[in-house]
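The values are calculated or read from the model by the stated rules, or taken from the named source; none is laboratory data. Predicted, not measured: the structure shown is a model, and the values here were computed from it. Note: ideal-geometry Cβ built from the backbone for every residue, glycine included; neighbour counts use all protein chains shown.
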Amino acid sequence: MGDRGGEQGKKLLVLLLVLCAPLIAGLAGMLFSGLLPMDQDSLERAIIGYGTLVLGFFSGARLGRTLLTGDTKRSIWLVLLLPALGLLVVVMPFTTALALLIVGFGAQGAWDSWSGFRGALAKDYAAQRRAITLIICLTLVAILVLHGLANA
């Protein structure tokens, strides 16, 4: 059974890394102007839109978990707050939107870590979510820094 769990964990990690690929491509597009076939404004909107999509996906996964476990009302509100934050950032300036997405993903990562510590989430699942959230946050921070340097 341990091999099966390890195999599922690897598949989940690959899936989650695939989810990060568009953000990493956005970072590459910021690093190497002209690498992607779109202008800077379209690239920025794509990064924010995709970040919003992934934040909503992660929140949806947590909503499913919350409904299955009959977690508290507070958890339901947190699950609903993060996609709302994601939708709000779509209409904000790029740097503000990036900063709020970083906060949203950071909150999700902290919540996943705490849930794993408490036993509300399986420890291996919480660890994988924490790892992928860290990758997303670091990618978004790098994009924010590059954007700031390019516009300084």
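Okay, here's what the table says:
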read-out: Count of the stretch 24-58 residues which are more than 20 Å from residue 87 (Cβ to Cβ), small (Gly, Ala, Ser) and crowded, with 19+ Cβ neighbours inside 10 Å; value: 1
read-out: Meets criteria (surrounded by fewer than 17 Cβ atoms within 10 Å (Cβ to Cβ) and of a type in the set (D, E, K, R)) for residue 124; value: yes
read-out: Unmet requirement for residue 28, which otherwise passes all of (1) modelled with pLDDT under 75; (2) aliphatic (A, V, I, L, M); (3) in a helix (DSSP H, G or I); value: (1)
